[in-house]
Amino acid sequence: MIQSSFTERNLRILFPLPAIIFVALLMIFPILYTLFLSFTNWNLTSGTDFSFVGFDSYVRVLTEPRFLHALGRTFLFTFFAVLIEGFLGVAIALILNRAFVGKGTAKLLLLLPLVATPVAVGIVFNLFFDPTIGLANFMLKSVGLPQGLWVSSASSVIPALIIVDVWQWTPMITLIVLAGLAGLSEEPVEAARVDGASEWQILRYVTIPMVMPVILTATILRLIDALKTFDIIFAMTGGGPGYASETLNIMGFKYSFEYFRIGQSSVILVILFFVVFGCSLGIMKLRASSEI
Amino acid sequence: MKNKLISTILFYTLVIGIALLVLFPFLWMLSSSFKTQVDIISWPPKFIFSPTLQNYQKVFEEQDFLQYFLNSTIIGTVAVGLSLILGLPAAYSISRFAQKKLAVFILLARLMPGISFLMPWYIIFSRMNLMDSYTALILSHMLIALPIVVWIMTTYFGTIPREMEESAMVDGATRQYAFLAIILPLSGPGIITATTLSFIFSWNNFMFSQVLSMEKTKTLPIAVYNFVSYAEVDWGGVMAAAVAIMTPAIILTMIFQKYVVKGLTMGAVKG
């Protein structure tokens, strides 16, 4: 038997090693550093000196109403955005799930919002929502509805941002569900049809249950990204008016790069990390248990 | 067959309605980019107007747009290239040796909030005098590209039968040789998917570049964002800039449509 070389015997370590080192240096180490900093009172504006204050920064952040509002707002935004995207995305997928002239074009159009630069999308929607010159109010006016202030008012800014998120990411769910539908076997549907089931019954009791694992995975993937939504909020409102659209990500960004309160910003980032990490663990458990 | 006709008409009405909802921001952006400021701020909004190129002229002449364009291209290309070099062997190993934990470890970079590494990077890169350097920007964008490469290529390598490299190994080739000479040449479609998708995500990235870049390495999304803060009311210029930034990603998507769809839906749908 030929003695295999060192490289070959250790391939399973050597091949992924550069990627592992890279991720460890650029992700794991910085996250641990953030965790470390969250126990300090470091404020960059007053130099490089800092001291350990235990859980002091945690107490300060957690008792800050601004933080609690941002936390709640993050969940509120995510919940409604993903709920709407899930329903619309699945509905559109079910509509498009047949052979028709122009299906290729329809799928290409669905891709466009997904690859459009989010910052630019936000700015375009700012013009669209502009209370005095925007198309949104013009459309409302022409059908006789009262006009809105959209992102300029604290009470309508979150729904307006949700509209933008729904516009950009609903196609993601649609495309994933369409791919899932394309992979389904025809037999159960045929069998149900032979047994005299109506189209609605087939949809309700055969097609949707079969594609449910894909819908769930698509929704949860979207949920993880929605929790981290940054670009459109930052570009459209910067968290305003006041703090009315400030989510955890935006608040963490401001504490880090506008106020330079590193100790407290680290606490916000650690909490955001665990919120996202918890949801990610959820998705992996779900994927493992449903064997998708 | 009257019912059939009605349902066909209803169906196409729905499809066209969906298409219009998807398209209207693009159309509004495009038409506004050819409007004069007077036309843009007129009420009610003008749907018929005499188009002008002055917004594009302004963007490309007054702003250093070509430099930003170049920066985005350099950072995206190098970050994706290096991510392929790191990611392809890693994905091969994950796929062939079923290293699930390792896959999760690398994919965490895709799932975790970028800002939880960005803040420490800011401190570390400042100390190393790497702020506003291509090095810092490329490293940060690699953390966007690498998980995408690994995610897509692990799935792709899984579809290539093991017999492909095993028969070569029986003939005396080493596994690393078989990977380079047999597996990689078979992986064209997967590599195209991974490259296109990770380049687009790097191209569109805002948060990392906003913090780590200044004048020298400024990328397009930052330029577009600054355009708004400098010139709050110059909507025509902003819309022209938005068109300019979206066009390359949209062209890439049109060319590689099949691959982009595959890449975006992979993982949620097995196969």
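The values are calculated or read from the model by the stated rules, or taken from the named source; none is laboratory data. Note that this is a predicted model, so its numbers are computed, not measured. All Cβ positions, glycine included, derive from the backbone under ideal geometry; neighbour counts span all protein chains shown.
The table below gives the values:
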{"read-out": "Residue in region B:48-59 that is within 23 Å of B:THR196 (Cβ to Cβ) and part of a helix (DSSP H, G or I) present", "value": "no"}
{"read-out": "Selection count where residues are within 27 Å of B:SER116 (Cβ to Cβ) and touching a Lys or Arg at 6+ places or on another chain (Cβ under 9 Å), scope region B:156-196", "value": "0"}
{"read-out": "Filtered residues of region B:208-234 (kept if closer than 13 Å to A:ALA120 by Cα, under 16 Å from the mean Cα position of the chain (by Cα) and not β-branched (Val, Ile, Thr))", "value": "B:LEU220, B:PRO221"}
{"read-out": "Criterion (within 22 Å of A:PRO30 (Cα to Cα), more than 10 Å from chain B (Cβ to nearest Cβ) and either not in a helix (DSSP H, G or I) or not polar (S, T, N, Q) (or both)) met by exactly one of A:GLY282, A:GLY278, A:GLY240", "value": "A:GLY278"}
{"read-out": "Filtered residues of region A:256-270 (kept if surrounded by fewer than 24 Cβ atoms within 10 Å (Cβ to Cβ) and either under 20 Å from the mean Cα position of the chain (by Cα) or within 25 Å of A:SER153 (Cβ to Cβ) (or both))", "value": "A:GLU258, A:VAL270"}
{"read-out": "The listed residue being of a type in the set (A, V, I, L, M, F, W, C) and within 11 Å of chain B (Cβ to nearest Cβ), out of A:ILE208, A:ILE262", "value": "A:ILE262"}
{"read-out": "Among residues of region B:175-195, those that are surrounded by fewer than 16 Cβ atoms within 10 Å (Cβ to Cβ) and free of Cβ contacts under 8 Å to residues at least 12 places away in the same chain, counted", "value": "4"}
{"read-out": "Hits in region B:156-187 - residues which are assigned to a helix (DSSP H, G or I) and touching a Ser or Thr at 6+ places or on another chain (Cβ under 8 Å)", "value": "B:TYR156, B:PHE157, B:GLY158, B:GLN176"}
{"read-out": "Qualifying positions in region B:28-47 - exposed (fewer than 11 other Cβ atoms within 10 Å of the Cβ) and part of a helix (DSSP H, G or I)", "value": "B:VAL38"}
{"read-out": "Filtered residues of region B:167-193 (kept if more than 14 Å from chain A (Cβ to nearest Cβ) and among the aliphatic types (A, V, I, L, M))", "value": "B:ALA181, B:ILE182, B:LEU186, B:ILE191, B:ILE192"}
{"read-out": "Lone qualifier among A:THR105, A:THR132, A:THR170 - being in a helix (DSSP H, G or I), of a type outside the set (A, V, I, L, M, F, W, C) and surrounded by fewer than 18 Cβ atoms within 10 Å (Cβ to Cβ)", "value": "A:THR105"}
{"read-out": "Some residue of region A:87-95 being of a type outside the set (Val, Ile, Thr), within 20 Å of the chain's Cα centre (by Cα) and under 16 Å from B:PHE26 (Cα atoms)", "value": "no"}
{"read-out": "Number of the condition not met by B:VAL59 [criteria: (1) over 26 Å from B:ILE222 (Cα atoms); (2) at pLDDT below 90]", "value": "(1)"}
{"read-out": "Of residues in region B:63-117 being in contact with a Phe, Trp or Tyr (Cβ under 7 Å, 6 or more places away or on another chain), at pLDDT 90 or above and not in a helix (DSSP H, G or I), the one farthest from the other protein chains (Cβ to nearest Cβ)", "value": "B:GLY114"}
{"read-out": "Failed item in (1) facing chain B (nearest Cβ under 7 Å); (2) over 23 Å from the mean Cα position of the chain (by Cα); (3) touching a residue at least 24 places away in the same chain (Cβ under 8 Å), with A:PHE138 passing the rest", "value": "(3)"}
{"read-out": "Boolean, A:ALA116 is within 11 Å of another protein chain (Cβ to nearest Cβ) and small (Gly, Ala, Ser)", "value": "yes"}
{"read-out": "Selection status of A:VAL61, of a type in the set (Val, Ile, Thr), at pLDDT 80 or above, within 21 Å of A:PHE274 (Cβ to Cβ) and touching a strand residue (DSSP E or B) at 6+ places or on another chain (Cβ under 8 Å)", "value": "no"}
{"read-out": "Residue match in region B:122-130 (condition: in contact (Cβ under 8 Å) with a residue 12 or more places away in the chain, within 11 Å of chain A (Cβ to nearest Cβ) and either touching an Asp or Glu at 6+ places or on another chain (Cβ under 6 Å) or aromatic (Phe, Trp, Tyr) (or both))", "value": "yes"}
{"read-out": "Residue within region B:103-122 that is over 24 Å from the mean Cα position of the chain (by Cα) and within 26 Å of A:ALA24 (Cβ to Cβ) present", "value": "yes"}
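Residues checked against (1) under 30 Å from B:ILE183 (Cβ atoms); (2) in contact with a Ser or Thr (Cβ under 7 Å, 6 or more places away or on another chain); (3) without any contact (Cβ under 8 Å) to a residue 24 or more places away in the chain:
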| position | (1), (2), (3) |
| --- | --- |
| B:PRO44 | no, no, yes |
| B:SER50 | no, no, yes |
| B:THR77 | yes, no, no |
| B:LEU86 | yes, no, no |
| B:ALA91 | yes, yes, no |
| B:ILE106 | yes, no, no |
| B:SER133 | no, yes, no |
| B:MET142 | yes, yes, no |
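Residue-wise test of (1) at pLDDT below 90; (2) more than 30 Å from A:PRO213 (Cα to Cα); (3) in contact with a Ser or Thr (Cβ under 8 Å, 6 or more places away or on another chain).
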site	(1), (2), (3)
A:PHE22	no, yes, no
A:PHE39	no, yes, yes
A:VAL53	yes, yes, yes
A:LEU68	no, yes, no
